[in-house]
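Accompanying notes for the structure given below.
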Ligand SMILES: CC(C)(COP(=O)(O)OP(=O)(O)OC[C@H]1O[C@@H](n2cnc3c(N)ncnc32)[C@H](O)[C@@H]1OP(=O)(O)O)[C@@H](O)C(=O)NCCC(=O)NCCS
């Protein structure tokens, strides 16, 4: 149901994206999110307990504004992260865009190709099924892992905004990126496959 709430199941031979399930995914996501490295360049904190994670997943699942997927390792069938994609909106100039996206991947899975596969699946869905013209994403300038991961699949920066980080009580630079279908087509991610 593309215009309803349900997320389509998307998969490659390495990564499966299926609708987040509060009961099934909370225990594994709690373990993943307990690692402080995951939150280092984000406004989020290490969860205090499993209920905090459960509540947060519940809220995201209930939201009609986004698609929320669990990222699953095809081989082990274990949940290794999540992927949130905001639903399309129309800009004043008429452009149909995805305003934001967000991901978390278990530390032991970084740079192993899972996120590359997940991105391919999600962007295929966004450009071909949702027929958006652009996908936008915001990232702290110090989040090198995320910036490299995004630039690898073609995202281009179009502005920087100074903001205050409540968590660290200091100023930081938020980078605004966008991806168009032709950026993706010409990206290293697509060329290497
Ligand atoms: C951001 C995140 C999702 C990236 O996932 P990943 O699996 O580590 O990275 P990717 O597989 O997508 O990286 C794709 C390519 O980008 C480049 N790249 C990624 N990280 C890099 C780094 N630190 N240095 C240099 N190049 C890098 C590489 O070319 C990489 O391909 P390779 O692994 O074959 O060399 C992961 O680090 C994460 O969950 N971080 C914590 C949460 C977070 O910051 N989320 C994003 C903001 S919402």
In the range 173-193, how many are surrounded by 15 or more Cβ atoms within 10 Å (Cβ to Cβ), within 12 Å of the ligand (Cβ to nearest atom) and farther than 23 Å from residue 162 by Cβ?
-> 2
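If we only count helices (runs of 4 or more DSSP H) wholly inside the range 129-193, which ones have 3 or more residues that are over 15 Å from residue 119 (Cβ atoms) and under 14 Å from the mean Cα position of the chain (by Cα)?
In the range 129-193, there are no helices (runs of 4 or more DSSP H) which contain 3 or more residues that are over 15 Å from residue 119 (Cβ atoms) and under 14 Å from the mean Cα position of the chain (by Cα).
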May I ask you to list the residues in the range 94-110 that are in contact with a strand residue (DSSP E or B) (Cβ under 6 Å, 6 or more places away or on another chain) and away from the ligand (no atom under 12 Å from the Cβ)?
-> 96, 97, 98, 99
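Considering only the range 62-96, state which residues are assigned to a strand (DSSP E or B), in contact (Cβ under 8 Å) with a residue 40 or more places away in the chain and surrounded by fewer than 18 Cβ atoms within 10 Å (Cβ to Cβ).
From the range 62-96, those assigned to a strand (DSSP E or B) are 66-73, 79-86, 89-90, 96; that's our starting set.
Restricting the remaining residues to those that are in contact (Cβ under 8 Å) with a residue 40 or more places away in the chain gives 67-73, 79-83, 85.
Residue satisfying the conditions is 73 alone.
With away from the ligand (no atom under 13 Å from the Cβ) and either in contact with a helix residue (DSSP H, G or I) (Cβ under 9 Å, 6 or more places away or on another chain) or part of a loop (DSSP other than H, G, I, E, B) (or both) as the only criterion, which of 13, 59 stands out? I'd like the intermediate steps shown before the answer.
Numbers: 59 fails: either in contact with a helix residue (DSSP H, G or I) (Cβ under 9 Å, 6 or more places away or on another chain) or part of a loop (DSSP other than H, G, I, E, B) (or both).
Residue meeting the stated conditions: 13.
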Check the range 33-43 and report whether any residue there is at pLDDT 95 or above and assigned to a strand (DSSP E or B).
-> no
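The rows are residues; the columns are (1) under 16 Å from residue 6 (Cβ atoms); (2) more than 9 Å from the ligand (Cβ to nearest atom); (3) modelled with pLDDT of 95 or more; (4) touching a helix residue (DSSP H, G or I) at 6+ places or on another chain (Cβ under 6 Å).
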| residue | (1), (2), (3), (4) |
| --- | --- |
| 54 | no, yes, yes, yes |
| 68 | yes, yes, yes, yes |
| 75 | no, yes, yes, no |
| 112 | no, no, yes, no |
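The values are calculated or read from the model by the stated rules, or taken from the named source; none is laboratory data. Computed from a predicted structure; not experimentally measured. Positions of Cβ are backbone-derived with ideal geometry, glycine not excepted, and every protein chain shown enters the neighbour counts.
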